[in-house]
Amino acid sequence: MIGLGTAAIQLDTSVNIAFPAITRGFALAIGDIQWVVICYVLTYASLLLALGRVGDSIGHALVFRIGLACTAIGLLLVSCAPSYSAMLLFRCLQGIGAALVLSCGAALVISLYGEERRSRALGIYTMMQSLGLMIGPLLGGALTAAWDWPAVFWFRIPVALTALLLLRGMPASPPRQASDRFDLPGGIALVAALVTMLMAINRVREFSAIWFALASAAAFAAFIFREQRAERPIIAVGLLKQPGFALLNLVSVLTNLAAFSVWLLVAYFLARIPGTTLAEGGAILATAAAGAVLAAPVGGRIVGRYISARWLTISGAVVIGAGLLWISTWTEQTPTILRIAALFLQGIGSGLFQLGYSDTVTAALPLRDRGVAGSLVLLTRTMGTVTAASVVWMVFGILNTGHGFLAAFQQTFHFAALLAFAAAALLAISPRLRRDPADSQG
């Protein structure tokens, strides 16, 4: 039931394949389609940490249920949007629903398995997320061809509502304590900081990025100032000051930046291969997520028994780099089976990295902050993908101008592989992260 609810969110990858149809439907310039992504991602990414803290206060199941209801309403409104501006407004509502669901999903899964099996629970949850990412593009093409772009939104409404009905059996949240009051001023400062930071990343090639970056720095300063004085901070400032913790989250951003290059560029490469249909290209691309689907639960079983979470994270980044380096060798003559193998290898690395990183962050935070931990994992992943959308495209654009598509494609993946290897090296030499004393797992 939790996996089904999470799938309603992760299946948003089906929207990407419908971009051309949305562009035609609203008579848009191609560049305008980016706001379909920006409105959604900015909304849910900026709210994740704050809503994770809300879930820790009032109950993860309640926040998860509200999120599913909000998601269903948002999907319905987007699919019926009479204009592009209305669609963007409803995408923001959909983003609120996604933040509510994703901020508490991992904490709910851990609560079902128990703290002693936390790593296995996180492995299964990572698999659920990857499965949605894999199925989305496969369904999106067929649905758009049959019923046009609204179908990639309304087909998820029954998924969200079914999960909501199945969650009726979840145990009620414990009574709220007076000390569990949500820090509203800190939450507002955090949301403002994240929104402006993500906008600065998105506008990195424009002068306005400087103003967004300055506004983000000011809002983060206000957030830290407030959290140092809050009775129950959203996230403990002392933890943020740990060099190992800060570096771990930077590594996550860098690794996800590198890995997301696959989703940005591989589809364009496959479209240039004679005889490759859109459906075949989508199926080949989906093997990257398939690798993560298989690797995550395996990682959940071996971490803590045969390998530490730290070294699983490092190994995952190395495998990602190896997969990206293999992709950089592609030409039009490369056999399909070798393309699939390279994507699958990169996906295995992603599954292992996400599991190891999730387990490390979760163990570093107190048991009562499981919602914040899960939200932080998703936030750094989102920051990596948003950064990739700007940095990878910028690198590819510069290289494509002087060298042509194939050479630019290969050199961009050299760059992405280097980022992944650098992230692994940074984590290998970083200080070990102090875990929460109450947490014995891992």
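Brief remarks on what is shown
- Leading residue by the ranking (surrounded by the most Cβ atoms within 10 Å (Cβ to Cβ)) among those in the range 312-344 that are free of Cβ contacts under 8 Å to residues at least 40 places away in the same chain and outside any helix (DSSP H, G or I): 334
- Residues of the range 188-232 that are buried (at least 18 other Cβ atoms within 10 Å of the Cβ), of a type outside the set (A, V, I, L, M) and part of a helix (DSSP H, G or I): 196, 202, 212, 216, 223, 226, 227.
- Of the residues making up the range 115-131, those that are over 19 Å from residue 308 (Cα atoms) and surrounded by fewer than 24 Cβ atoms within 10 Å (Cβ to Cβ) are 127, 128, 131.
- Residue within the range 51-66 that is touching a residue at least 60 places away in the same chain (Cβ under 8 Å), farther than 19 Å from residue 131 by Cα, under 19 Å from the mean Cα position of the chain (by Cα) and surrounded by fewer than 20 Cβ atoms within 10 Å (Cβ to Cβ) present: no
- Screening residue 410 against (1) closer than 22 Å to residue 304 by Cα; (2) out of contact with any helix residue (DSSP H, G or I) (no Cβ under 8 Å at 6 or more places or on another chain) leaves a single unmet condition, (1).
Okay, residues lined up against (1) under 20 Å from residue 421 (Cβ atoms); (2) out of contact with any helix residue (DSSP H, G or I) (no Cβ under 6 Å at 6 or more places or on another chain):
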site	(1), (2)
243	no, yes
251	yes, no
271	no, yes
276	no, no
286	no, no
295	yes, no
334	no, yes
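- For the range 298-311, the set of residues classified as surrounded by 20 or more Cβ atoms within 10 Å (Cβ to Cβ) and in a helix (DSSP H, G or I) consists of 299, 300, 309, 310, listed by residue number.
- Per-region count, the range 239-271, residues under 21 Å from residue 142 (Cα atoms) and surrounded by fewer than 19 Cβ atoms within 10 Å (Cβ to Cβ): 4
- Scanning the range 150-180 for residues that are assigned to a loop (DSSP other than H, G, I, E, B) and either aliphatic (A, V, I, L, M) or at pLDDT 90 or above (or both) yields 150, 155, 156, 170, 172.
- Taken residue by residue, the range 86-99 has at least one member that is under 21 Å from the mean Cα position of the chain (by Cα), surrounded by fewer than 24 Cβ atoms within 10 Å (Cβ to Cβ) and aromatic (Phe, Trp, Tyr).
- Of the residues making up the range 379-408, just one is buried (at least 23 other Cβ atoms within 10 Å of the Cβ) and farther than 11 Å from residue 257 by Cβ, namely 379.
- Within the range 272-293, restricting attention to residues that are assigned to a helix (DSSP H, G or I) and not aliphatic (A, V, I, L, M), the residue that is surrounded by the fewest Cβ atoms within 10 Å (Cβ to Cβ) is 280.
Residues are listed down the side, and each one gets a yes or a no for (1) in contact with an Asp or Glu (Cβ under 7 Å, 6 or more places away or on another chain); (2) among the acidic types (Asp, Glu); (3) over 15 Å from residue 161 (Cα atoms); (4) in a helix (DSSP H, G or I):
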site: 18; (1), (2), (3), (4): no, no, yes, yes
site: 28; (1), (2), (3), (4): no, no, yes, no
site: 44; (1), (2), (3), (4): no, no, yes, yes
site: 54; (1), (2), (3), (4): no, no, yes, yes
site: 69; (1), (2), (3), (4): no, no, no, yes
site: 85; (1), (2), (3), (4): no, no, yes, yes
site: 91; (1), (2), (3), (4): no, no, yes, yes
site: 99; (1), (2), (3), (4): no, no, yes, yes
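- Contact map, the range 345-365: first residue under 17 Å from residue 125 (Cβ atoms) and in the same structural domain as residue 246 (by TED's automatic domain parsing), second residue acidic (Asp, Glu) and outside any helix (DSSP H, G or I), Cβ cut-off under 9 Å, separation 6 or more or different chains; pairs are 362/439; 363/436; 363/439; 365/436; 365/439.
- Given (1) of a type outside the set (Ser, Thr, Tyr); (2) closer than 28 Å to residue 314 by Cα; (3) in a helix (DSSP H, G or I); (4) at pLDDT below 85, number of the condition residue 235 does not satisfy: (3)
- The set of residues in the range 215-251 that are closer than 23 Å to residue 388 by Cβ and without any contact (Cβ under 8 Å) to a residue 40 or more places away in the chain comprises 215, 216, 217, 220, 246.
- Test result for residue 287, in contact (Cβ under 8 Å) with a residue 40 or more places away in the chain and not aromatic (Phe, Trp, Tyr): yes
The values are calculated or read from the model by the stated rules, or taken from the named source; none is laboratory data. As the structure is a computational prediction, the values presented were derived from the model and not from experiment. Neighbour counts run over all protein chains shown; Cβ positions are idealised from the backbone, glycine included.
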